[in-house]
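The values are calculated or read from the model by the stated rules, or taken from the named source; none is laboratory data. These numbers were taken from a predicted model, which means no experiment stands behind them. Here the Cβ positions follow ideal geometry from the backbone for every residue, glycine too, while neighbour counts run over all protein chains shown. SASA here: full protein model, heavy atoms, side chains in, ligands and nucleic acids out. Shrake-Rupley method; radii C 1.70, N 1.55, O 1.52, S 1.80 Å.
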Amino acid sequence: MLLALEDLVTLDKPTIRSSHCDLLFAPIWEAVFRLERCGFKVLTITFDGAVANRRFLKLMGSEKVLFKVINKYSLEKRPLFFFSDPPHLLKTTRNCLASKARHLWCNGSDILFQHITDMYYRDREKSMGLLLLPKIKLEHIQLTPFSRMRVDLAAQLLSETVAKALVLSGDPAVQETAKFVTMFDKFFDALNVSNYTSGVNKRKVFQQPYRSGDDFRLKWLKEEFLVFLDTWEQSVQARPGFNASEKQKMLLSPQTLLGLRITVNSFIGLVQYLFTLEGVESFLSQRIGQDPLENFFGGQRQRDHLCEAIVEK
């Protein structure tokens, strides 16, 4: 799809390495206009957590959590939803958990990366028997700048398997960490449905395709996941004896929390809107991600040897 649209959305301004938000505004709307003129119906814009992208949203409206606007170039005035890339959010969540600068805390209990690493080492010290964490390797817990960018490592760490292993340990101190891992495992499953069979094969209902606008996962995202984030923030803010800077280190980064709220609200609205359209029978949520774009430019970088080459072209 990217290759097919290349000639349609070539903009007058040259591509630059790092765009300021005011420079993004006009080219993005121009791209939407040209796609609409060619017959494409633009429903979403997906971005990562770069500063320019967050500031771009502020130019679109004054709401604290702005997740949609009206597509002014559509004849029927369709909504245009904004998404922070779900795989990127999962990586930043894992990175916040693993950061030595943060000490996550919620409802009287710590949420610690150390809980997972301790479980990993205890698992490997067994002289016999099955491993509780067979997919977790040293690269999952000894993070490097490169491994921090790998979505697969973040998804395997924040997984149902890890959550169940923590619960089975029976240690009350790790139960909040287990809940944290469970919540983000379900979040990523719900927003990363890639095919029609994995949900059945893996027996994970959150990975099944969407087939209606009142899917139970939409209710879970709104009434459990978003409430979990709100309750977490409220519990930290109510904790006595700590200043504002110290309390911020007990939470995920503000950028990650904002991205999660924008994405969840947009996703609920998008799925509900899609199933009001004639002919829509199913939806695979992985389609909202920016993986195809990243894969395309990743291939270009490998082929051209220098990252500058793709910018110059």
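Things worth noting here:
- Kirkwood hydrodynamic radius over Cα pairs of the range 69-161, then Stokes diffusion coefficient at 25 °C and 0.890 mPa s, in µm²/s: 155 µm²/s
- A 1.4 Å probe over all protein chains sorts Arg287, Arg261, Arg239, Arg94 by accessible area into Arg287, Arg239, Arg261, Arg94, starting with the largest.
- Which of Asp85, Asp171 is most accessible, then next, and so on - probe 1.4 Å: Asp171, Asp85
- Unit charges at the beta carbon, dipole of the chain: most positive-side option, Pro172, Val162, Leu218: Pro172
- Contour minus Cα-Cα distance for Ala101 and Cys38 (0.36 nm per residue): 17.8 nm
- For the chain, the orientation-averaged shadow of the C-alpha convex hull comes to 19.0 nm² (one quarter of the hull surface).
- Measuring with a 1.4 angstrom probe and ignoring ligands and nucleic acids, Asp123 comes out at about 0 Å² accessible.
- Solvent-accessible area per residue in the range 42-153 equals 54 Å², computed with a 1.4 angstrom probe and all protein chains kept.
- Estimated at the nearest 10 Å², the accessible area of Arg150 is 70 Å² with a 1.4 Å probe.
- Rounded FRET efficiency, nearest 0.05, which uses the C-beta distance separating Gln234 from Gln175 and R0 of 22 Å: 0.70
- Out-of-range pairs (alpha-carbon distance over 20 Å; input Lys164/Lys202; Lys186/Lys247; Lys41/Lys77; Lys179/Lys204; Lys64/Lys222): Lys186/Lys247
- Split the accessible area of the range 103-221 by element, probe 1.4 Å, and carbon with sulfur accounts for 57%.
- Kyte-Doolittle at least -1.0, axis length at least 20 Å by Cα - qualifying DSSP helices, the chain: 21-37, 175-190, 254-274
- Å² of accessible area per residue within the range 185-276, as computed with a 1.4 Å probe and no ligands counted: 48 Å²
- Only Lys, Arg, Asp and Glu carry charge here, each on its Cβ (+1 for the first two, -1 for the last two); on that basis the chain has a dipole of about 280 debye about its Cα centre.
- Alpha-carbon Rg with Dmax, taken over the range 117-217, Å: 15.3, 50
- These residues, Tyr196, Tyr120, Tyr73, Tyr273, go from largest to smallest accessible area, 1.4 Å probe, as Tyr196, Tyr73, Tyr273, Tyr120.
- The chain: most fluctuating residue of Leu191, Leu153, Leu293 per GNM, C-alpha cutoff 10 Å: Leu293
- Under 5 Å, built H, 5+ apart or other chain: amide partners of Thr44: Phe81
- Each residue of the range 215-224 was assigned a 3J(HN,Hα) from its phi angle through the Karplus curve 6.51 cos²θ - 1.76 cosθ + 1.60 (θ = phi - 60°); the sequence is 4, 4, 5, 5, 5, 4, 4, 7, 9, 10 Hz, with glycine and proline shown as x.
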